[in-house]
C-alpha cells in the first residue's frame, strides 16, 4: 500500500512539473512545445543520471525520433529553470538528474564503467555542517563525489593484473614483468622495480599512461604498461 501511495505522489509531482514547464514554454514563446514536453515526460520517467545521448536512445526505444542536439538543448532548459541538475563527473559527458526540492544526496562514481551510485548519510551531512559552522562559514550548497571501483568491476579484477588495467587514483604494487630481462632492467632504472608502490595518475584516454613513483612522474606507452604486473597495495585491499 505504501509503495502504491508513494508512486501516486511521485506521478502527481511529475504532472505538476509537466504543467509548470508547459506554461514556461508558452510564456517564452518556444516552438515544438509538444516535442519538448515529450522529452520532459521521458526524462521524468527515469530516476537515472542521463546524458543527452542516453535520453535520445530511450526516446528512440519508445518510437520517438528526435535529434540529440535538440534533446541536449532541452536538458539545459530543464536545468536552467530548476527542474534538473547538471552533473559533471571527471572526464565523462555531462549528465542530468531530477532536481528534487529540499533533497540532497552525494555520489559514488566508478572510474572503470562509469556507473553512478547515490547515497545519503545524515552523520556525514551533520559533520560537514558542523565543520562549516566552526569555521564561520555559511554553507549554501555542497556536493561530495567519491571516485573508485564499483562492486561489479571489483569482481572482474584479478589479484594480479597488467598495470594498464589499474584505475586513476589507485595505488598498486609491482610484482613482476612480462618480457625480456632488458626491458625489466630499463623499467628498474626508471624506478619501476619489483615491490615498488606506484600511484596511477592517468590510465585511459589519448596519450601515455602516467604513474607516480615517490616524487617522480613516469610516462609509459600502452604496450609497456601491459607488461608490468601489479597488485593492489595492502591499504587498498578489502
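Bear in mind that the values in this text are calculations on the coordinates, not laboratory data. Remember, it's a predicted structure, so these values are computed and weren't measured experimentally. All Cβ positions, glycine included, derive from the backbone under ideal geometry; neighbour counts span all protein chains shown.
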Report the label-to-label distance for residue 124 and residue 201 in nanometres (one decimal), using points 7 Å from each Cα along the Cα→Cβ vector.
2.8 nm
Shape category assigned to region 158-236 from the gyration tensor of Cα positions, a/c cut at 1.5:
rounded
What distance in nm separates the two pseudo spin-label positions at residue 138 and residue 23, each 7 Å out from Cα along the beta-carbon direction?
3.0 nm
Using the basic label-point model (7 angstrom from Cα toward the beta carbon), what is the residue 175 to residue 62 distance in nanometres?
4.8 nm
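I'd like to compare 131-138, 76-83, 35-42: which one has the highest average count of other Cβ atoms within 10 Å, and what's the full order after that?
Details: 131-138: 9.1, 76-83: 16.2, 35-42: 18.6.
Going from most to least packed, we get 35-42, 76-83, 131-138.
Relative contact order of region 158-236: what whole-number percent is it, with Cα pairs under 8 angstrom and at least 6 residues apart? Provide the component values of the computation, followed by the final result.
Working: 145 pairs, mean separation 33.7, N = 79.
Computed value for region 158-236: 43 percent relative contact order.
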Need the full-extension length gain, residue 219 to residue 93, defined as separation in residues times 0.36 nm minus the C-alpha distance. One decimal, nm.
42.8 nm
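Quote to one decimal, in nm, the extra length available between residue 76 and residue 34 on full extension: 0.36 nm per residue of separation minus the C-alpha distance between them. Intermediate results must be reported in sequence, preceding the final value.
Working: separation 42, 0.36 × 42 = 15.12 nm, distance 1.71 nm.
Extending this stretch completely gives an extra 13.4 nm.
Relative to the present Cα-Cα distance, how much length would full extension add between residue 226 and residue 189 at 0.36 nm per residue of separation?
Numbers: separation 37, 0.36 × 37 = 13.32 nm, distance 1.81 nm.
Full-extension gain reported as 11.5 nm.
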Percentage relative contact order, region 23-85, counting C-alpha pairs under 8 Å, at least six apart:
26 percent
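Rounded to the nearest 0.05, what FRET efficiency do residue 86 and residue 210 give with R0 = 25 Å and r taken as the Cβ-Cβ distance? Could you check? The partial results should precede the final answer.
Details: r = 29 Å, r/R0 = 1.14.
With R0 = 25 Å, the Cβ-Cβ based efficiency is 0.30.
Ranked highest first by the average count of other Cβ atoms within 10 Å around their residues, in what order do 190-201, 54-65 fall?
Numbers: 190-201: 16.4, 54-65: 14.2.
Output ranking for 190-201, 54-65: 190-201, 54-65.
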